[in-house]
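Structure first, commentary second.
The values are calculated or read from the model by the stated rules, or taken from the named source; none is laboratory data. Computed from a prediction, not measured in an experiment: that's the story for all the values here. As a convention, Cβ positions derive from the backbone with ideal geometry for all residues, glycine included, and neighbour counts pool all protein chains shown. Areas reflect the complete protein model, heavy atoms only, side chains present, ligands, DNA and RNA absent. Shrake-Rupley method; radii C 1.70, N 1.55, O 1.52, S 1.80 Å.
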Amino acid sequence: MPPLYTPEERRRRDASPWTIVQGILAPLQFVVFLVSLALVLRFLATGEGYVAATVSVVVKTLVLYVIMITGAVWEKVVFGKYLFARAFFWEDVFSMLVLALHTAYLVALAVGAAVETQMVLALAAYATYVINATQFVLKLRAARRQQRDEAASELVGAAS
């Protein structure tokens, strides 16, 4: 498997303020997701709290848009292209589905679609978000493992 980052890409990643922005926004988005998921499920289970559930999905979608825009800027800084860089190609492809479903929810809300349709779209968007977040967490773990393995190789090389 090719390394996730070249040495130059890693240097740009580590020097970029966008790395910190992503590091803050990703867990924030996850917390917003958990709160919103609870509100949506509460509404579906009880029929109460439609406004709270709706506001939470809109907020989650806005946070998603922010993280996607800043993530594209981060990719440009690190890899030289806004989206679909080699290292994150499949994560970005799946992110498009996540964005499409969140946007479909906003459209359904705007056109006054049935509440059930809105909530099913929200849950579908959330399911794809969980898959996409898992992709990124696995990629982050792979990057850390790569960096650890490279550091260990350097130590072995220096000791020889």
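Below is a table of values for the structure above.
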quantity	calculated
Some residue of segment 106-123 being under 25 Å from GLY47 (Cα atoms), touching a Phe, Trp or Tyr at 6+ places or on another chain (Cβ under 6 Å) and part of a helix (DSSP H, G or I)	yes
Segment 3-22 residues that are assigned to a loop (DSSP other than H, G, I, E, B), paired with ones that are open to solvent by 50 Å² or more (accessible area, probe 1.4 Å) (beta carbon under 6 Å, 6 or more apart)	SER16/VAL77
Qualifying residue in segment 144-160 (condition: among the small types (Gly, Ala, Ser) and surrounded by 16 or more Cβ atoms within 10 Å (Cβ to Cβ))	no
Residue in segment 91-103 that is over 11 Å from the mean Cα position of the chain (by Cα) and under 25 Å from PRO3 (Cα atoms) present	yes
Flag if VAL63 is open to solvent by 20 Å² or more (accessible area, probe 1.4 Å) and either within 18 Å of VAL32 (Cα to Cα) or assigned to a helix (DSSP H, G or I) (or both)	yes
Residue match in segment 50-59 (condition: within 15 Å of the chain's Cα centre (by Cα) and open to solvent by 40 Å² or more (accessible area, probe 1.4 Å))	yes
Near pairs, Cβ below 7 angstrom, 6+ apart or cross-chain, from segment 134-160 (in contact (Cβ under 8 Å) with a residue 24 or more places away in the chain) to any residue that is open to solvent by less than 90 Å² (accessible area, probe 1.4 Å) and part of a helix (DSSP H, G or I)	GLN135/GLU91; GLN135/PHE94; PHE136/GLU91; LYS139/PHE88; LYS139/GLU91
